[in-house]
Every structure is written in C-alpha cells, then in structure tokens.
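What follows is one structure encoded as structure tokens, with my remarks underneath.
Values quoted throughout were computed directly from the atomic coordinates according to the rules given, and no laboratory measurement underlies them. A quick note: this is a predicted structure, and the numbers were derived from the prediction, not measured. For neighbour counting, all protein chains shown are included, and Cβ atoms are generated from backbone atoms with ideal geometry for every residue, glycine included.
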Amino acid sequence: PDGTSEKTALPNVTVSSFTEDMDDHTIWVGTYSDGLFQMSSPHQYKAYNIGNGLSPTNNAWRVIADNSQHIWCASPIHPLVRLNTQTGQWEGMKDEQGDHIYGMDFRLDRRGNLLIASTYGLVIHDNKTGKTRRYTTNLSGTQEMKVKTAVALCYDAKRDLLLMGHKQGLTLF
C-alpha cells in the first residue's frame with residue numbers, strides 16, 4: 001500500500017478484537033457493547049446484536065474464527081457463544097459440568113482445539129468431537145491447578161506449549 005488510510009464504513013464503536021475467516025477472508029470485528037460486525041469489504045458491514053435480533057449478546061470482547069466455519073465470541077460478562085457462519089445460527093457453549101463459560105481470551109492449538117482462558121481456568125473445546133472440558137488438574141491428574149481464573153493465553157504451536165496469564169503470574173500447561 002501507498003501509506004494512505006481511510007475510515008471504514010464501521011460506525012463509531014469500541015473495537016476490542018477482530019479475526020479473519022480464512023474461508024472467505026471476511027473480517028469479523030468484536031466490540032465491548034455493540035455486538036459483532038461482519039466486514040465483507042471496507043465499505044460494507046453487517047451488524048449482529050441484540051437490538052436487531054441477530055445475536056444473543058452485545059459483548060464480543062474477543063472473537064476468533066475456527067476451522068469449522070464458526071465465529072466464537074467471548075467476554076467475562078456473557079457466556080461464550082459461537083455463530084455458525086453457514087446457517088446464521090448461534091449456540092451457547094457449556095463445559096462438561098453444564099456450566100456456562102465466561103471467556104477472557106482464546107487461541108486455536110495445532111489440532112484445531114479451542115483453548116479458552118475463562119473465569120474457571122482453562123477450558124478446551126475439541127472441534128472434532130464437540131466436547132468441552134474444564135481443566136483443574138495437570139494431565140496426569142496428580143496436581144491441582146492453583147489458578148482458577150485465567151486472563152490471557154499465549155500458545156506456541158511449534159512446541160505445543162500453552163502459557164496462561166493470571167493474577168499470580170504465568171502457568172505453563
């Protein structure tokens with residue numbers, strides 16, 4: 001590009017995150033309280049919010065596109081939801097105990113699983129099986145995780161390592 005910039009058609013909203021759907025290169029924009037926006041070009045968007053009936057939440061603080069044609073929306077004040085981009089249908093997500101998941105951050109691992117930093121710690125959604133599990137111990141089950149609330153995630157796909165940020169520092173998982 002030549003260094004020039006222009007304002008997109010997006011209204012004046014507080015953008016908290018965005019992601020690209022790699023299937024059609026659509027940009028999905030999450031906001032703190034104005035819902036989710038689908039940007040098919042810099043001059044065209046579609047709003048998904050409670051007011052127009054196209055979303056169950058206006059809180060899309062973090063958004064991510066997975067490899068199964070879903071857009072996930074998370075916030076610490078509304079349960080995790082995902083949008084099927086093919087059908088336009090929303091689904092609320094719960095863990096294996098039936099608890100809502102309040103997400104702070106998420107990443108996809110190299111297997112396509114969704115790693116979720118939540119108010120309950122680490123939650124992993126297996127996109128192949130559809131199962132969602134909350135982790136409260138290490139993989140062998142011998143150590144209780146000291147962290148019950150995860151705030152941020154950093155995933156290293158090359159080494160398959162996950163760092164969880166929280167109020168006590170960092171935990172390697």
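Arranged from highest to lowest average of other beta-carbon atoms within 10 Å per residue, in what order do the peptides 65-71, 159-165, 128-134, 27-33 appear? Present the calculation step by step, with values, prior to reporting the outcome.
On the way: 65-71: 17.1, 159-165: 14.6, 128-134: 13.0, 27-33: 20.9.
Descending mean neighbour count gives 27-33, 65-71, 159-165, 128-134.
Return the sequence-ordered ³J(HN,Hα) values of the range 89-99 in whole Hz as given by the Karplus equation 6.51 cos²θ - 1.76 cosθ + 1.60 applied to θ = phi - 60°, using x for Gly and Pro.
Ordered by residue, 3J(HN,Hα) equals 8, 9, 9, x, 10, 10, 7, 5, 8, x, 8 Hz.
Using 29 Å as the Cα-Cα cut-off, could you pick out the over-long pairs in Lys46/Lys94; Lys7/Lys167; Lys131/Lys158? Display every interim value, and only then the final one.
Details: Lys46/Lys94 27 Å; Lys7/Lys167 37 Å; Lys131/Lys158 24 Å.
In this structure, Lys7/Lys167 exceed 29 Å between Cα atoms.
Using modelled amide H (1.01 Å from N, peptide plane; none on Pro or chain starts), what sits under 5 Å from the amide H of Asp34, excluding residues fewer than 5 places away?
Amide H neighbours of Asp34: Ala60.
So what's the chain giving for Rg/Rh, alpha carbon basis, Kirkwood Rh from the mean inverse pair distance? Each step should come with its number before you reach the end.
Values: Rg = 16.7 Å, Rh = 16.9 Å.
Rg/Rh for the chain comes to 0.99.
Within 10 Å, count the other beta carbons around each residue, average over each peptide in 166-172, 88-94, 114-120, 3-9, and list them highest first.
Top of the packing list down: 114-120, 88-94, 166-172, 3-9.
Would you please classify the overall shape of the range 7-70 from the alpha carbon gyration tensor, given that a ≥ b ≥ c denote the square roots of the eigenvalues, rounded means a/c under 1.5, and beyond that prolate means a/b larger than b/c while oblate covers the rest?
Working: a/c = 1.56, a/b = 1.17, b/c = 1.33.
Since a/c reaches 1.5 but b/c is at least a/b, the shape of the range 7-70 is classed as oblate.
Can you tell which of Asp126, Asp34, Asp105 shows the greatest fluctuation in a Gaussian network model of the chain with Cα springs below 10 Å?
Ranking Asp126, Asp34, Asp105 by mean-square fluctuation puts Asp126 first.
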